[in-house]
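Heads up: the structure comes next, in structure tokens.
The values are calculated or read from the model by the stated rules, or taken from the named source; none is laboratory data. All figures in this text were calculated on a predicted structure; none of them were measured in a lab. Quick reminder, even Gly has a Cβ in these numbers, built from the backbone with ideal geometry, and neighbours come from all protein chains shown. Ligands, DNA and RNA are stripped out before the accessible areas are found, and what is left, the full protein with its side chains, is counted by its heavy atoms. Shrake-Rupley method; radii C 1.70, N 1.55, O 1.52, S 1.80 Å.
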Amino acid sequence: MDKKIMAENKRARFDYEILETYEAGIVLTGDEIKSVRMGYLSLVDCYGFIKDGECFLRNSYIKEYSNSFDAGRYGDNSRRDRKLLLHKLEIEKMKKKIEQDRLTLVPTKAYFVGSNLKVEIAIARGKKLYDKRETLKKKEITKKIKMEG
């Protein structure tokens, strides 16, 4: 099926070494899905966590839908925790890896598959400063090669 990317966390690939990725559904309200369709979604400074056998996304930003009848009625929910839909076995596998190897869950992109919003969430290891410098050097070298060729 065709994927329509709505948001991408470009910083994640710079700050983290991506080890494994999973595709998860996300639980949203009707107004939130309308805002996402309009492009008001950000995964910057966002991370995942596991609590009581369920996976959640914290600090993802979805702008409040302004054309709604009850806009602003329930306070600011633009950065609330949002539940991710994954299989129980996937969640258990992720939890083991995170706890054993001291890793983290980072969303890399959000996209529509048909009418469903999916989030690609990755198990990642934080990079050290010297690793980030190495990434920048590689990026510059590939840029120079493209310019010359």
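Hey, any idea what % of the chain's accessible area is carbon plus sulfur with a 1.4 Å probe? Walk me through the numbers on the way to the answer.
On the way: 5010 of 10200 Å².
That fraction is 49 percent.
Taking amide H positions as modeled 1.01 Å from N, with prolines and chain starts lacking one, the residues under 5 Å from residue 127 and 5 or more places away or on another chain are 16, 17. Taking the charge dipole of the chain about its Cα centre, with +1 at Lys and Arg Cβ atoms and -1 at Asp and Glu Cβ atoms, the residue from 25, 110, 141 reaching farthest to the positive side is 141. Pairwise Cα separations in the chain fall into 10 Å bins from 0 onward with the following percentages, short to long: 10, 35, 31, 18, 5, 1. Computed over protein heavy atoms with a 1.4 Å probe, the accessible surface of the chain works out to 68 Å² per residue. Taking all protein chains together, 42, 115, 78 sort by accessible area into 115, 42, 78, largest first [probe 1.4 Å]. Altogether, the Stokes-Einstein calculation at 10 °C and 1.306 mPa s, with the Kirkwood radius of the stretch 110-149 over Cα pairs as Rh, returns a diffusion coefficient of 119 µm²/s.
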